[in-house]
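Q: Sending over a structure as structure tokens; questions will come in a sec.
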Amino acid sequence: MARQKRDEEVFLQHSQRRGEMLHRLVDGIDDGLFIVGNDQQILFANRGVLRFFPSIADPVGRPFLECVRDHRIAEVVANGARSGRRLREELLVSMPGDSMGGERVYSVEAVPLSSNEPAGLDGAVLVILRDETQKHHLEKIRKDFVANASHELRTPLSIIIGYLENLKEGDITDPVEIQRAFTLMKKHGDRLASIVEDLLVISRMESGQTEALRLEVFNFDACAQDVVHRLSPMVANSKSRASFKVDTGEDPSVFGDRFYWDQILFNLVGNAIKENQGGGVKIVVRLRQEPEFSVIEVRDDGVGIPLADLPFVFKRFYRVARHHSQEIKGTGLGLSIVKRAVEAHHGTISVHSKPGVETVFTIRVPRKGS
Ligand code: ADP
């Protein structure tokens, strides 16, 4: 008798523990979960529903529609119950003041529970609410990127093809004009090559290789000097007459992947040179150490970036329209690559500019152990 009682107690404790674990598991899920009875009353709700309906207090026992206040959600659930089939729909929900631009995408899934469920759950529906906003946002960025990239590639291609056709048909005969056509084809061919090169860098960074950053403490001074050296032909071939200063203070170490830092500095210093063909621009690369961060500044005193363009310069394919911008080589991808590389280091980048006075890009990356 005593043994049977002990067994029953153990069994009870065991089921209580299982119940608690299940409860924690369900509450730990980010998705919102409801069980809605066949009378449309809420039989169960996990903690995740608060993410979707922050003002919902104690939903169990209340009508589902009264809690979610969205006919479309209630309709998916009612249709699921009626059809006995699993249904899923994505809904655009407006959220004034929300960080994702005032609109969110929720998926609502209604899973009718089978008719041999324990009493009380017969005809009930499990409702799963999932926030898909981020996924949609990334998908949109990807689609826009493909559309922009195709457009950017098509423009120089069609110019080159146009000239080739004219030459083939004998439409251009004047030797000076033929020479001009070749020069333009070469220019647009070079542009195609640099776009493809930048696209390869982006795709390399996005194909998960950022996960495999080779982080090590490296000598930033040597890296910056190397970049300046590699850019010297660009200065020699242009009218910029740029001068450089690299100032890394007493501790020139940065914790990062040298390959990415080459790219970051090459793009930032390269921009400062090519945007300032007027001559005499001073470019300063400075490193200072804070207790937890290395702070890198790339500063120039050239033409600068107009205030209206500043918020967009890190966007892909964005280029500042200048009266002479056609003459400046660029893909509009350089700064987006820089931003991506900095973020791969868990760092941040910002820019401030006073046209004609100074333009400063400031990068902060964690030091080793931070
Ligand atoms: P691009 O490949 O065309 O240079 P980026 O993404 O590197 O594209 O730069 C975006 C825009 O920001 C460029 O069109 C350029 O006009 C502007 N910009 C970037 N750096 C500077 C700078 N140091 N001075 C002036 N303008 C700059």
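The values are calculated or read from the model by the stated rules, or taken from the named source; none is laboratory data. The structure displayed is predicted, hence computed values, not measured ones. We place every Cβ from the backbone using ideal geometry, glycine too, and count neighbours over all the protein chains shown. Quick note on the areas: whole protein, heavy atoms, side chains included, nothing else; ligands and nucleic acids left out. Shrake-Rupley method; radii C 1.70, N 1.55, O 1.52, S 1.80 Å.
Q: Collect the residues in segment 249-274 that are over 19 Å from GLY330 (Cα atoms) and in contact with an Asp or Glu (Cβ under 6 Å, 6 or more places away or on another chain), keeping them in residue-number order.
A: Matches in segment 249-274: PRO252 only.
Q: Which one is farthest from ILE273 (Cα to Cα), of the residues in segment 311-334 that are β-branched (Val, Ile, Thr) and modelled with pLDDT under 85? Full working, then the answer.
A: The initial filter retains those residues of segment 311-334 that are β-branched (Val, Ile, Thr), namely 313, 320, 328, 331.
Next, from what is left, pick out any that are modelled with pLDDT under 85: 328, 331.
Working: ILE328: 10, THR331: 15 Å.
The residue in question is THR331.
Q: Can you tell me which of (1) within 15 Å of the ligand (Cβ to nearest atom); (2) more than 13 Å from the chain's Cα centre (by Cα) is the one VAL342 doesn't meet?
A: For VAL342, the failing item is (2).
Q: All but one of (1) β-branched (Val, Ile, Thr); (2) within 24 Å of the chain's Cα centre (by Cα); (3) part of a loop (DSSP other than H, G, I, E, B) hold for VAL303; state the number of the condition that does not hold.
A: (2)
Q: Which residue pairs have Cβ atoms under 6 Å apart, sit 6 or more places apart or on different chains, and have a first residue in segment 84-96 that is free of Cβ contacts under 8 Å to residues at least 24 places away in the same chain and a second that is open to solvent by 50 Å² or more (accessible area, probe 1.4 Å) and not in a loop (DSSP other than H, G, I, E, B)?
A: That search, which allows pairs on different chains as well, returns LEU87/ASN79; LEU91/ARG72; LEU92/GLU103; SER94/GLU103.
Q: Restricting to segment 45-64, give me the number of residues that are without any contact (Cβ under 8 Å) to a residue 60 or more places away in the chain and surrounded by fewer than 16 Cβ atoms within 10 Å (Cβ to Cβ).
A: Number of matching residues: 10.
Q: Here's another thing I want to ask about it. State yes or no: is PHE244 within 12 Å of the ligand (Cβ to nearest atom) and among the aromatic types (Phe, Trp, Tyr)? Please lay out each step first, then the result.
A: On the way: within 12 Å of the ligand (Cβ to nearest atom): no; among the aromatic types (Phe, Trp, Tyr): yes.
Here the answer is no, as PHE244 does not meet what is asked.
Q: Given the residues VAL298, VAL360, which is the only one that is aliphatic (A, V, I, L, M), within 12 Å of the ligand (Cβ to nearest atom) and in contact with a His (Cβ under 7 Å, 6 or more places away or on another chain)?
A: When all the criteria are applied, what remains is VAL360.
Q: Which one of the conditions (1) near the ligand (Cβ under 9 Å from one of its atoms); (2) free of Cβ contacts under 8 Å to residues at least 60 places away in the same chain does GLY280 fail to meet, given that it meets all the rest?
A: It fails just one condition, (1).
Q: Right, another one. So, in segment 332-350, how many residues would count as being under 22 Å from LEU192 (Cβ atoms) and outside any helix (DSSP H, G or I)?
A: Number satisfying all stated conditions: 2.
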